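Each value in this text was obtained by applying a stated rule to the coordinates, not by laboratory testing. These numbers come from a predicted model, not from an experiment. Cβ placement follows ideal geometry from the backbone for every residue including glycine, while neighbour counts extend to all protein chains displayed.
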Number of protein chains: 2
Amino acid sequence: MAETRDRILDALGALLPEVGPAGATLEAVAARAEVSKGGLLYHFGSKEALYAGFLARLEEATAGEVERMRASADHGVETFLRVSSVTDDHFTRTFLSALVLIGTPEVDAAATVARVLAAYRSAVEECVPDPVLARLVQLVGDGLYLNAMVGSLDPAEDDQVIARVVAMTHP
Amino acid sequence: MAETRDRILDALGALLPEVGPAGATLEAVAARAEVSKGGLLYHFGSKEALYAGFLARLEEATAGEVERMRASADHGVETFLRVSSVTDDHFTRTFLSALVLIGTPEVDAAATVARVLAAYRSAVEECVPDPVLARLVQLVGDGLYLNAMVGSLDPAEDDQVIARVVAMTHP
DNA sequence: GATGCTGTACCGTCCAGCCGGTACAGTAGT
DNA sequence: ACTACTGTACCGGCTGGACGGTACAGCATC
């Protein structure tokens, strides 16, 4: 069942920011997903496959997020920056987990993250004509992600920054 | 000798972005530093101590970088953003290595990175009166770091973004 | 000959992956 | 309808290898 698979991937995503890749052993992931280690290995034949599945789901989710941006009323800039600055969002948490995965030998998380960033970038470019400004928007969003990763968000100030950037994109 | 110590830390810094924390075994670090494992453990009694030493040196280097910013002719904003967007800088590489360390159980790299970001932030705030604009500058810099980590820098465009941001900080 | 440092051999632990097994559907032939 | 068989989902013990850390012997230089 795909349901168990998703539960396993959710468990991995929950574990990664807490204990890092080193602590995310197959047994730990299995326990968190309430599956035995054997059961986990039935769905994902190796740790590499597990990580690959996780990153694949992130890329799928990215497509959905980008769609949500495009569909947002005025334009996607604010939607984009809001997601970047909120840590209790499912997508943000998944993305941060992927960042933690960078450097693990089993999988090339950096490449996946790069693709995610690229997808966002082209989406921002769609609604911000000036390419330099579009890149600036994206960089601010990425900066928010980095700060979220190390727990350095400053909600009050960041809200004002977002407002300022949004204003810049309005002629 | 402090020279050997530094060589070991350099080896760790060189290894981390290449193979990640999992690949940075004591033996691998020792080999890269052209020291035996025993020699490494003479200087750093444990892996935790090795990581701690690495992060401590990063914090020291941060102080130096911030000083360089303060001393820069016009103001530090451009100096800051330039460093963030150049991957062959020693400090940048060390910083990126520390990012890869986030999530390892031996050491709290996130806290160190947070302190580094905070140091930069207060330095930027010194030369940019408007706090919102200062935070924006810092977020752009952090975004550049994140993009550097996954190899998504776009030098041509990023140069223009830096110029734009610098212009914004000039009244 | 003491001190600072190096190299090596070894131990204990931990973990990924394997494998033999269980349960429980279907499903088909009778 | 029951029996025999097959595939899917899952379990948990085992093992081989890797890695962190220890012990100890060697070797400069002072």
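Taking every DSSP helix (H) stretch of at least 4 residues in chain A, weighting each as -39,500 (n - 2.57) and dividing the sum by the residue count yields a mean residue ellipticity at 222 nm of -26000 deg cm²/dmol. Here the simple spin-label model places points 7 Å from the Cα toward Cβ, and for A:Thr4 and B:Ala61 these points are separated by 4.7 nm. The local environment of B:Ile8, defined by Cβ-Cβ distances under 14 Å, has a net charge of +1 under the rule Lys, Arg +1 and Asp, Glu -1.
With kT/(6 pi eta Rh) evaluated at 4 °C and eta = 1.567 mPa s, and Rh the Kirkwood radius from Cα pairs, chain A diffuses with a coefficient of 77 µm²/s according to Stokes-Einstein. Along its principal axes, the stretch B:1-45 has C-alpha extents of 27, 16, 16 angstrom, given from the largest down. Charged side chains reduced to their Cβ positions (Lys and Arg at +1, Asp and Glu at -1) give chain A a dipole of some 320 debye around its Cα centre. Helix B:90-101 and the longest principal axis of the C-alpha atoms of chain B enclose an angle of approximately 70°. Assign one of three labels to the protein assembly as shown, namely rounded, prolate or oblate, based on the Cα gyration tensor with a ≥ b ≥ c the square roots of its eigenvalues; rounded applies when a/c is under 1.5, prolate when it is not and a/b is larger than b/c, and oblate otherwise. Oblate, because a/c is 1.5 or more while a/b does not exceed b/c.
Taking label positions 7 Å along the Cα-Cβ direction at both A:Ala28 and B:Ser72, the computed distance is 3.9 nm, reported to one decimal. Taking a point 7 angstrom from the Cα of A:Ala167 along the C-beta vector, which residues in the stretch B:108-151 have backbone N less than 17 Å away? Within reach of a label on A:Ala167: B:129-137. With coordinates expressed along the principal axes, the C-alpha atoms belonging to the stretch A:24-80 extend over 49, 18, 14 Å, beginning with the largest.
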